[in-house]
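One structure below.
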Amino acid sequence: MAKHPVPKKKTNKSDTKRRYGSFKTKVLKKLTNLLNLASCPDCGSKIPAHRACPDCGKYKGRQVIDKQKKVDKITKIKA
């Protein structure tokens, strides 16, 4: 069985935090570059690109989600 490397001295807390902190900022920069926010042509709210608008329910000028329809919530089960 192969031996794996073992650190000779304890790693400082600051070194550990610095390493993981730089990793976190790198990942956050990558994620912000991937997410493209576009404005809805009808209502003007910011939405992810190629998605239906959650506010007005339109996608590419046509109504996809019916926002006028009222949804009845079921709170009690009728026996």
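Taken together, the values in this text are just the output of simple stated rules run on the coordinates, not laboratory data. Remember, predicted model here, so these are calculated numbers, not experimental data. A quick note on method: Cβ atoms are made from the backbone with ideal geometry, for glycine too, and the neighbour counts reach across all protein chains shown.
For the residues ASP42, ASP66, ASP15, a GNM of the chain with alpha-carbon springs under 10 Å puts the largest fluctuation on ASP15.
Taking a straight line from the alpha carbon of LYS46, these lysines sit under 28 Å away, with near neighbours fewer than eight places off in the same chain left out: LYS24, LYS26, LYS29, LYS30, LYS58, LYS60, LYS67, LYS69, LYS70. Between 0 and 90 degrees, rounded to the nearest ten: what's the tilt of helix 13-34 against the longest Cα principal axis of the chain? Tilt of helix 13-34: around 30 degrees. Sorting ILE77, ILE47 by the number of Cβ atoms found within 10 Å of their own Cβ, with the fewest placed first, yields ILE77, ILE47. Magnitude of the charge dipole for the chain, about its Cα centre and with charges confined to Cβ atoms of Lys, Arg (+1) and Asp, Glu (-1), is about 700 debye. Calculated [222 nm] ellipticity per residue, helices only, for the chain: -9500 deg cm²/dmol; basis is -39500 (n - 2.57) per DSSP H run with n ≥ 4, divided by all residues, nearest 500. The gain in end-to-end length when the LEU34 to LYS69 segment is fully stretched comes to 9.2 nm, 0.36 nm per residue minus the alpha carbon separation.
Per residue, the average separation of C-alpha pairs within less than 8 Å and at least 6 apart gives the chain a relative contact order of 13 percent.
Remark: the ASP15-LYS60 segment gains 11.2 nm on full extension, using 0.36 nm per residue and subtracting the alpha carbon distance. Using equal-weight Cα scatterers in the Debye expression, the normalised intensity of the stretch 17-77 in log10 at q = 0.16, 0.20, 0.23, 0.24 Å⁻¹ is -0.68, -0.79, -0.90, -0.94.
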